[in-house]
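Okay, so here's the structure we're looking at.
The values are calculated or read from the model by the stated rules, or taken from the named source; none is laboratory data. This is a predicted model, so every value here is computed, not measured. Note that we place each Cβ from the backbone using ideal geometry, even for glycine, and neighbour counts take in every protein chain shown.
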């Protein structure tokens, strides 16, 4: 799913208009519409959102940029700038993107079962995540003390 599709799903799920979402992102309504269609009618090309756009959309959705980037298709193009032209916040975002790219490469090695577990885990509340982590720690502790993992 590309960024625009993710935005459309988010807006429909949360029953907010293009304008309301654009205001939350501090982006124009027209740009959000182009993202959703993945098409720029002026240039007649697909949209290539910038890392800054990802950051604004993630913030508006209450997600980290890493979580948002993990949700979009790995083939989603992202426009990057040269590091020398970036301010401190953008350099930090660039570092986060590099870390996310590494995490995505690691995610490619997960089995379908592991990917399904992670997807379900991400839907849990913070309290339920803590419960699952505690339960896993107990199982691992019991397994390692008995010699079976």
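Within segment 16-31, is there a residue that is in contact with a strand residue (DSSP E or B) (Cβ under 6 Å, 6 or more places away or on another chain) and crowded, with 16+ Cβ neighbours inside 10 Å? Scanning segment 16-31, I find no residue that is in contact with a strand residue (DSSP E or B) (Cβ under 6 Å, 6 or more places away or on another chain) and crowded, with 16+ Cβ neighbours inside 10 Å, so the answer is no. Looking across segment 48-60, the residues that are in contact (Cβ under 8 Å) with a residue 40 or more places away in the chain and surrounded by fewer than 20 Cβ atoms within 10 Å (Cβ to Cβ) come down to 51, 52, 53. Of the listed requirements (1) without any contact (Cβ under 8 Å) to a residue 40 or more places away in the chain; (2) assigned to a helix (DSSP H, G or I), residue 16 misses just one: (2). Taken over segment 63-99, the residue count meeting the criterion of being more than 18 Å from residue 48 (Cα to Cα) and modelled with pLDDT of 75 or more is 3.
Note on segment 61-75: among residues that are in contact (Cβ under 8 Å) with a residue 12 or more places away in the chain and within 17 Å of residue 9 (Cβ to Cβ), the one that is surrounded by the fewest Cβ atoms within 10 Å (Cβ to Cβ) is 73.
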